[in-house]
Structure formats: structure tokens, C-alpha cells
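The structure appears right after this line, and notes come after that.
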Amino acid sequence: MRLVTPGDSAPASVNKYLLPHENQVITVRRHPAVLMVPVGLVLGGLITAGVLSNTVKDALAYIWWGWLILLAWFVWRVAEWSVDYFVITNQRMLLTTGLITRKVAMMPLAKVTDMSFKRTIAGRMLGYGEFVLESAGQDQALSTVEYLPYPEQLYLEVCEMIFPNKNPSADE
């Protein structure tokens, strides 16, 4: 399964990190489940603010200003999620993160010696997983990538790129 066809282009925020001779193969955004905790906190804060509004009348403005700050933090997290991408080209893997401070972690495909993925119970229910990348005894900038959608398909696609079939088939 190809998640990005050769004619597609990476988002502009990612495309500037691709080398001229690289062909992008896969570009995915992290799974929306990465926002589960912020959503829970905003909803919990809203419920708490509503309950406190009925019980503590003296601090009504502070309660709702506190919730607005929590809501602003949530909007910031959603904005960060919207610009985070995991990109696999024909030569390397990149993880771009950050809205103001941009971080690009990279690992050449040739350096990957082992790759696995993990799926927690929540990951299996919601459809996300985590890649664990290993390289020949070195610390790499990119060793784990969490909250990836379609982990089985991504895993098979990347494994095919890292470990191509070198045996000619009997048909040829």
C-alpha cells in the first residue's frame, strides 16, 4: 500500500527538508489520538469550571479565565499536531515537529538495522502504533515515532524499502 503516490508532494513545511534527488514514499501526520490527553483536560476543566461556578461565586472570573488558558493551550497543541509529519523517502526517514521551534529528526534507511512497532490496547482500539528504530549501536536523533496511523501497513512498506527482495522470482 502506497500512502503517497509519486505525483503527490509533501506539505510545504516538510518539502523544504527533502533533498532534490529524494523521492517521497510516505507522508503521514501523527494519529489524532495524540490529542486524547489535551481533549480530556479541556473537557475535565470545563466540567470543573461549571461545578465551581455554581459553588464558588467569589472567584467566578478566575475560574473561567483559568479554563480559557487551558483552552488556549489545547488550541496550541492542535496547531502543533497539524504541522507534525512523519516522512519516508527512498533514502531516509524524517520526523518534523514543532510550530515555532522546528525540529527535524532524521535517520538514513541504510543505517536502520532493526525496526519494530508496538501497539498498546488503546492503540489497537484507536488505530495507532509506535515505531522503534535501531541502528548499529549508535544513538540516533530518530529512535521512536509514536502515534503513527496504519502501523501495520507502514511497517510492511518501510520493511520492504529497508530490506528489499534481492532474490529474483521464479517468474522472471
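Just so you know, all these numbers are worked out from the coordinates, no wet-lab data involved. All values derive from a computational prediction rather than experimental measurement. Don't worry about glycine lacking a Cβ; one is built from the backbone with ideal geometry, like all the others, and counts go over all protein chains shown.
Using Cβ contacts closer than 10 Å as the measure, can you line up Leu41, Leu133 from fewest to most?
Numbers: Leu41 15, Leu133 20.
By the 10 Å Cβ count, ascending, the order reads Leu41, Leu133.
Local charge sum around Phe163 (other residues, Cβ-Cβ under 15 Å, Lys/Arg +1, Asp/Glu -1)?
Values: positive: Lys111, Lys166; negative: Asp114, Glu134, Glu157, Glu160.
The answer is -2.
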For a quick size check, give me the Cα extents of the stretch 38-90 along its three principal axes, largest first, whole Å. 61, 15, 7
So if I take the centroid of the Cα atoms in the stretch 98-144 and the same for the stretch 33-80, what is the distance between those two points in Å? 32 Å
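Per-residue ellipticity at 222 nm for the chain, helices alone: DSSP H runs ≥ 4 residues times -39500 (n - 2.57), over residue total, nearest 500 deg cm²/dmol? The partial results should precede the final answer.
Working: 5 runs with 66 residues, N = 172.
Result for the chain: -12000 deg cm²/dmol, rounded to the nearest 500.
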Calculated log₁₀ intensity ratio I(q)/I(0) where the Debye formula runs over C-alpha points of the chain, q = 0.11 Å⁻¹: -0.59
